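Written out below as structure tokens is the structure these notes cover.
The values are calculated or read from the model by the stated rules, or taken from the named source; none is laboratory data. All values derive from a computational prediction rather than experimental measurement. Glycine gets a Cβ as well: all are built from the backbone with ideal geometry, and neighbour counts include every protein chain shown. Protein only, heavy atoms only, side chains kept; ligands, DNA and RNA dropped before computing areas. Shrake-Rupley method; radii C 1.70, N 1.55, O 1.52, S 1.80 Å.
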Amino acid sequence: MNIIMALTMQESGGRSLDIMQSSESIGLPPNSITDPERSIEVGIKHFKKVFKQAGGDVRLTLQAYNFGSGFIDYVKKNGGKYTKKLALDFSRLQAFKMGWKSYGDPSYVDHVMGYVNGSMDFYETFMKEALKHEGQPYAWGDSNPKTGFDYSSLVQWAFAKAGITLPRTAQEQHGVTKKISEKEATAGDLVFFGGTYEGKAITHVGIYVGNGRMFNSNDSGIEYSDLKFKYWRDHLVSLGRINN
């Protein structure tokens, strides 16, 4: 059950109707399933099928959940056991075949197992606090749950509820994180931006929630934002991880 919960967190952060992102496993476009219970039903059924195909290898099953069952055939032809190298090789091969810049997440197993090994409780604790304020207006320079938050004060306040003390500004928070790539990112990491207003190098921060989205306070209020949106792509500086 921990594996399924961790997989769900990696797929959607627990914040999507298609909570296990299982629509594609039954031939539907992404996010076609709009009932979380149906998503779990389909996702677990698919996971069991892949688990059987993978001969009970949990790591191979997880990576195949992300890549598709073709990865299992690839592994069987190349030693028969999951390795990170095979995941990287398969990702590059498929990207080349498809003419894409990338294919899947070759670090998917690491990301899921990170939740299994303890980060999920931490994430759920501070996101539970952050979500209490969803829909509230943005409040520049404020850090009071009764009157409002700006981007960095929301992050500081939510993390404090999970026992993590962060500095007040986005620039300072950027300075205390371990820099990671987008492919390495898991829910609970921080996303940093620059040039959203004149001033310091780092001018905005959000909480990464998985599936290419973040939770943040911006001019539209406290909300989820899609990192694929051009504005955020143009201003993205880096992602960072807090050592908890």
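Just a few scattered comments:
- Every listed requirement among (1) in contact with an Asp or Glu (Cβ under 9 Å, 6 or more places away or on another chain); (2) within 30 Å of Lys101 (Cα to Cα); (3) outside any strand (DSSP E or B); (4) open to solvent by 20 Å² or more (accessible area, probe 1.4 Å) is met by Arg233 save one, (1).
Here is a yes/no grid of residues against (1) without any contact (Cβ under 8 Å) to a residue 12 or more places away in the chain; (2) open to solvent by 50 Å² or more (accessible area, probe 1.4 Å); (3) acidic (Asp, Glu):
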site	(1), (2), (3)
Lys52	yes, yes, no
Ser69	no, yes, no
Asp73	yes, yes, yes
Lys81	no, yes, no
Lys84	no, yes, no
Phe96	yes, yes, no
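- Within the range 85-126, tally of residues that are touching a Phe, Trp or Tyr at 6+ places or on another chain (Cβ under 9 Å), assigned to a helix (DSSP H, G or I) and at pLDDT 85 or above: 13
- Evaluation of Thr169 against the conditions (1) free of Cβ contacts under 8 Å to residues at least 60 places away in the same chain; (2) open to solvent by 80 Å² or more (accessible area, probe 1.4 Å) shows that the sole unmet condition is (2).
- Residue within the range 22-30 that is surrounded by 18 or more Cβ atoms within 10 Å (Cβ to Cβ) and over 22 Å from Lys97 (Cβ atoms) present: yes
- The one condition in (1) acidic (Asp, Glu); (2) in a helix (DSSP H, G or I); (3) open to solvent by 30 Å² or more (accessible area, probe 1.4 Å) that Glu129 fails to fulfil: (3)
- Put simply, of Ile19, Ile33 the only residue that is surrounded by 15 or more Cβ atoms within 10 Å (Cβ to Cβ), farther than 18 Å from Asn2 by Cβ and hydrophobic (A, V, I, L, M, F, W, C) is Ile33.
- When the range 222-243 is filtered for residues that are free of Cβ contacts under 8 Å to residues at least 40 places away in the same chain and of a type in the set (D, E, K, R), the ones remaining, listed by number, are Asp226, Lys228, Lys230, Arg233, Asp234.
- Every residue from the range 194-221 that is touching a residue at least 60 places away in the same chain (Cβ under 8 Å) and open to solvent by less than 10 Å² (accessible area, probe 1.4 Å): Ile207, Val209, Gly210, Phe215, Asn216, Ser217, Gly221
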